[in-house]
Amino acid sequence: MGVPARRVSKQKKRQRRAHWKIDAPELTNCPQCHELMAPHRVCPSCGYYKGREVVAVK
């Protein structure tokens, strides 16, 4: 079994984990209604995806 030769200090461990932050979601404009939407998803405001209606929105 592999055993660590030296213990990793708290500072070194926290420096390594400092880059694990969450990014803001990328949003694009819907080509149909020009509202903000997540890419590769059905537009929640108009229900269109790739130029055709997928979900009927009231």
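Just so you know, all these numbers are worked out from the coordinates, no wet-lab data involved. If you're wondering where the values come from, they're calculated on a predicted model, not measured in any experiment. Here the Cβ is made from the backbone with ideal geometry for all residues, glycine too, and neighbour counts use every protein chain on show.
Being surrounded by 10 or more Cβ atoms within 10 Å (Cβ to Cβ) and either in a strand (DSSP E or B) or in contact (Cβ under 8 Å) with a residue 60 or more places away in the chain (or both) is the filter here, so list the residues in the range 26-55 that pass it.
Of everything in the range 26-55, those that are surrounded by 10 or more Cβ atoms within 10 Å (Cβ to Cβ) and either in a strand (DSSP E or B) or in contact (Cβ under 8 Å) with a residue 60 or more places away in the chain (or both) turn out to be 28, 29, 36, 37, 48, 49, 53.
Any residue in the range 1-25 that's under 30 Å from residue 41 (Cα atoms): show its pairings with residues that are assigned to a loop (DSSP other than H, G, I, E, B) at Cβ separation under 7 Å, as long as the two are six or more apart or on different chains.
Pairs found: 25/38.
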